[in-house]
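Colleague: Let me give you the structure first, and then I'll get to my questions.
The values are calculated or read from the model by the stated rules, or taken from the named source; none is laboratory data. In this text, all values refer to a predicted model and were calculated from it rather than measured experimentally. Every residue, glycine as well, gets a Cβ built from its backbone with ideal geometry; the counts of neighbours run over all protein chains shown.
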């Protein structure tokens, strides 16, 4: 990701989440969008709404292959959240399809939870990005609840525990919604630049690119604001420029 960011001079990840279409039409639109905006991106993210209609080793495979031709890393937003044996199989299938990283939920814990995902990721030289605070309004009901820390018996915000798990488990990234810059700032202080922050929710959900980067986001995940724009390339360029300049002002080495 760092290499792609510096080469592309962009920290924008395209969330290629299109509206419901027939599989062939969805594939055509996905490839068209990717070809139109790729020069303004550092990576590509797909969700299950792409995998379900197109198939992992069918249409989605073609999108992954095209992304590789464009030298774009790919993230599967799987939100892995099951028992360990199932989690391992899910991760392995996505990695074998060509994805460079998957997202996973720390709610399931480590032992017989996400440990197998990290093991297969290490074996296959891939990444795991943990959900620390999502971008939707209801996120506070889960990620923002007060819970008892098992080690200290103190009441702690759930997302702070998740941020600490990202550090402890040596995650490759932490998802924190761009719609909550104050949470990005707080979680960035916990992660101390040891785990990169990926922030979805810019634009359509109300997140501001400049505010998110200023607060500590390393990568911005942008979907509908680009894919539903009248001129996707122009919109991607505008968001890229804003985010890149914000990253420079934050003092990151992005030359």
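Colleague: Do we have residue 148 as surrounded by fewer than 17 Cβ atoms within 10 Å (Cβ to Cβ), out of contact with any strand residue (DSSP E or B) (no Cβ under 7 Å at 6 or more places or on another chain) and on the phi < 0 side of the Ramachandran plot here?
Modeller: On the way: surrounded by fewer than 17 Cβ atoms within 10 Å (Cβ to Cβ): yes; out of contact with any strand residue (DSSP E or B) (no Cβ under 7 Å at 6 or more places or on another chain): no; on the phi < 0 side of the Ramachandran plot: yes.
Here the answer is no, as residue 148 does not meet what is asked.
Colleague: Among the listed residues 5, 28, 33, identify the single one that is assigned to a helix (DSSP H, G or I) and within 16 Å of residue 173 (Cβ to Cβ). Spell out the reasoning first.
Modeller: On the way: 28 fails: within 16 Å of residue 173 (Cβ to Cβ); 33 fails: within 16 Å of residue 173 (Cβ to Cβ).
That would be 5, the only listed residue that is assigned to a helix (DSSP H, G or I) and within 16 Å of residue 173 (Cβ to Cβ).
Colleague: So, one more: Applying the selection to segment 204-238, what residues are assigned to a helix (DSSP H, G or I) and surrounded by 22 or more Cβ atoms within 10 Å (Cβ to Cβ)? Break it down into steps so the answer makes sense when it comes.
Modeller: From segment 204-238, those assigned to a helix (DSSP H, G or I) are 209-215, 224-227, 232-238; that's our starting set.
If the condition is that a residue be assigned to a helix (DSSP H, G or I) and surrounded by 22 or more Cβ atoms within 10 Å (Cβ to Cβ), then 209, 212, 213, 215, 226, 227, 236 are the ones that fit.
Colleague: Scan 112, 119, 164 and give me the residue that is in contact with a helix residue (DSSP H, G or I) (Cβ under 9 Å, 6 or more places away or on another chain) and on the phi > 0 side of the Ramachandran plot. Spell out how you get there, then give the answer.
Modeller: Numbers: 119 fails: on the phi > 0 side of the Ramachandran plot; 164 fails: on the phi > 0 side of the Ramachandran plot.
Among 112, 119, 164, only 112 is in contact with a helix residue (DSSP H, G or I) (Cβ under 9 Å, 6 or more places away or on another chain) and on the phi > 0 side of the Ramachandran plot.
Colleague: Among the residues of segment 8-27, write down those that are farther than 20 Å from residue 234 by Cα and surrounded by fewer than 18 Cβ atoms within 10 Å (Cβ to Cβ).
Modeller: Residues of segment 8-27 farther than 20 Å from residue 234 by Cα: 19-27.
Scanning segment 8-27 gives 19, 20, 21, 22, 23, 24, 25.
Colleague: Which condition does residue 39 not pass, out of (1) out of contact with any helix residue (DSSP H, G or I) (no Cβ under 8 Å at 6 or more places or on another chain); (2) within 22 Å of residue 230 (Cα to Cα); (3) surrounded by fewer than 22 Cβ atoms within 10 Å (Cβ to Cβ), if it passes all the others?
Modeller: If we test residue 39 against (1) out of contact with any helix residue (DSSP H, G or I) (no Cβ under 8 Å at 6 or more places or on another chain); (2) within 22 Å of residue 230 (Cα to Cα); (3) surrounded by fewer than 22 Cβ atoms within 10 Å (Cβ to Cβ), just (1) comes out false.
Colleague: Further, regarding this structure: Within segment 69-92, can one find any residue that is closer than 18 Å to residue 223 by Cα, in a loop (DSSP other than H, G, I, E, B), in contact (Cβ under 8 Å) with a residue 40 or more places away in the chain and in contact with a helix residue (DSSP H, G or I) (Cβ under 9 Å, 6 or more places away or on another chain)?
Modeller: Taking segment 69-92 as the starting set, the residues that turn out to be closer than 18 Å to residue 223 by Cα are 72-79.
Next, from what is left, pick out any that are in a loop (DSSP other than H, G, I, E, B): 72-73.
Add one more test, that the residue is in contact (Cβ under 8 Å) with a residue 40 or more places away in the chain, and what stays is 72-73.
Next, only the ones that are in contact with a helix residue (DSSP H, G or I) (Cβ under 9 Å, 6 or more places away or on another chain) stay: 72-73.
For segment 69-92, residues closer than 18 Å to residue 223 by Cα, in a loop (DSSP other than H, G, I, E, B), in contact (Cβ under 8 Å) with a residue 40 or more places away in the chain and in contact with a helix residue (DSSP H, G or I) (Cβ under 9 Å, 6 or more places away or on another chain): present.
Colleague: Part of a strand (DSSP E or B) and touching a residue at least 60 places away in the same chain (Cβ under 8 Å) - does that describe any residue in segment 98-115?
Modeller: Yes, that holds for at least one residue.
Colleague: Filtering segment 189-203 down to residues that are on the phi < 0 side of the Ramachandran plot and not in a helix (DSSP H, G or I), which residue is modelled with the lowest pLDDT?
Modeller: So in segment 189-203, the residues on the phi < 0 side of the Ramachandran plot come out as 189-191, 194-200, 202.
Those left that are additionally not in a helix (DSSP H, G or I): 194-200, 202.
On the way: 194: 95, 195: 97, 196: 97, 197: 97, 198: 98, 199: 96, 200: 95, 202: 90.
Checking each candidate, the answer is 202.
Colleague: Now, a different point. Can you confirm whether residue 51 is surrounded by fewer than 16 Cβ atoms within 10 Å (Cβ to Cβ) and over 18 Å from residue 198 (Cβ atoms)?
Modeller: Details: surrounded by fewer than 16 Cβ atoms within 10 Å (Cβ to Cβ): no; over 18 Å from residue 198 (Cβ atoms): yes.
Criteria not met by residue 51.
Colleague: Say we look at segment 203-221 and pick out the residues that are in contact (Cβ under 8 Å) with a residue 40 or more places away in the chain and in contact with a helix residue (DSSP H, G or I) (Cβ under 6 Å, 6 or more places away or on another chain); which of these is farthest from residue 77 (Cα to Cα)?
Modeller: Filtering segment 203-221 down to residues in contact (Cβ under 8 Å) with a residue 40 or more places away in the chain leaves 205, 207, 213, 217-221.
Adding the requirement that they be in contact with a helix residue (DSSP H, G or I) (Cβ under 6 Å, 6 or more places away or on another chain) leaves 213, 217, 220.
Details: 213: 21, 217: 18, 220: 14 Å.
It comes out as 213.
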